[in-house]
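In what follows, a structure is listed as structure tokens, so that the remarks can point back to it.
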Amino acid sequence: MGLTEYTLRMNKVLDHIDRHLDQPLELDTLADIAHFSRYHFHRVFSAWVGETFGDYLRRRRLEAAAWRLAAHPDVPVLEVALWVGFGSGEAFARAFKHRFGCTPTAWREGAPERWAAQLEEMRGRPRREDSNPDQADRNPDQAGAPRERHNGGSSFTTEEPDMQVKIVELPAVKVAYMRHIGPYGPKIGEFWRTAFAPWLNANGLLGEPCYGIGLDDPSVTPPEKCRYDACVEVPREFTAGGRVNTAELPGGLYAVTTFQGQPETIAATWVAMFRDWLPKSGYQCDARPCFEYYGRNWSKNAETGEFSCDVCVPVRAL
């Protein structure tokens, strides 16, 4: 069995874990999903992920909880605890404080200040003395190309200049994806250029709609463990091969804004969506993935490096 096959099998395992954080997860079940020996799977998992299964599962549950606490201010803390698989609020609070150094409630209350500090840092402004200085790593440069506009929806203006947000209903689509594990930022652009784009070309998929999905929040996940999927829309009958898996990107209601600028400035748009727009919108983020959408007829200004895409946040009414 080659490296490619291991990659495909382990990606299936990690995806299964993320979809079932609220349920009991056993190594034997995961070994069966990956078609690995149950007896050796704990060694395979640790060697591949760099953590024991128990450590990985605990980290993912707490990181998912941190995101949900910040993005869903009206959801009770106990509901968040149950959503990520903790049996009680007390156990969750102890584990959360051990991981993040504060209670879940304090983390939630501090979200606006953290986002404000992140936005100031991205804009190159000096921090206010009362800004939270932690969580230095930010959202990725998910390099790409111009978007195809989505139709319909209403608009909402945020404090970000010229940011117009539409609420649109998007269909579910089948995608083929290649996964990058490691720090976000310039490495993501390199991953598209050197790995994903050649695969698209070899499979006749250049010019098809693409998506960039950062699966982890780099403000809470260690940079070397952040996961990013470069995706392309494919027909229902498409069969993946090599380093590529297939999945369904869920449809539904999304808040969509158009970004145009240098790759290093897109992170500020993501922060502004959650800091400025979401609290005033009458919507809340749900558990579907956020993504950047790159439409047909890819292009990028070779001289300036500027590109455009749609920044898409899954939402539902409060």
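Scanning the range 63-90 for residues being among the hydrophobic types (A, V, I, L, M, F, W, C), within 15 Å of the chain's Cα centre (by Cα) and at pLDDT 90 or above gives a total of 3. Of the helices (runs of 4 or more DSSP H) entirely within the range 1-97, those holding at least 2 residues that are within 27 Å of His180 (Cβ to Cβ) occupy 3-19, 27-34, 41-49, 53-71.
Hey, any hits in the range 96-103 for a residue that's in contact with a helix residue (DSSP H, G or I) (Cβ under 7 Å, 6 or more places away or on another chain), closer than 30 Å to Thr265 by Cβ and modelled with pLDDT under 90? Scanning the range 96-103, I find no residue that is in contact with a helix residue (DSSP H, G or I) (Cβ under 7 Å, 6 or more places away or on another chain), closer than 30 Å to Thr265 by Cβ and modelled with pLDDT under 90, so the answer is no. Output yes when any residue across the range 260-279 is at pLDDT 90 or above and acidic (Asp, Glu), and no when none is. No, because not a single residue in the range 260-279 is at pLDDT 90 or above and acidic (Asp, Glu). Considering Glu169, Glu190, Glu237, the condition of being in contact with a Gly (Cβ under 9 Å, 6 or more places away or on another chain), of a type outside the set (A, V, I, L, M, F, W, C) and surrounded by fewer than 18 Cβ atoms within 10 Å (Cβ to Cβ) is satisfied by Glu169 alone. Only residues that are part of a loop (DSSP other than H, G, I, E, B) and either touching a Cys at 6+ places or on another chain (Cβ under 6 Å) or touching a residue at least 24 places away in the same chain (Cβ under 8 Å) (or both) were counted in the range 262-318, giving 17. Could you check, for the range 59-82, whether at least one of its residues is more than 30 Å from Tyr283 (Cα to Cα) and surrounded by 15 or more Cβ atoms within 10 Å (Cβ to Cβ)? The answer is no, given that none of the residues of the range 59-82 is more than 30 Å from Tyr283 (Cα to Cα) and surrounded by 15 or more Cβ atoms within 10 Å (Cβ to Cβ).
In the range 195-215, the qualifying residues are those that are part of a helix (DSSP H, G or I) and within 21 Å of the chain's Cα centre (by Cα), and the one that is surrounded by the fewest Cβ atoms within 10 Å (Cβ to Cβ) is Ala195.
The values are calculated or read from the model by the stated rules, or taken from the named source; none is laboratory data. Computed from a predicted model, the values in this text were never measured in an experiment. Cβ sites come from the backbone with ideal geometry, for glycine too, and all protein chains shown count toward neighbours.
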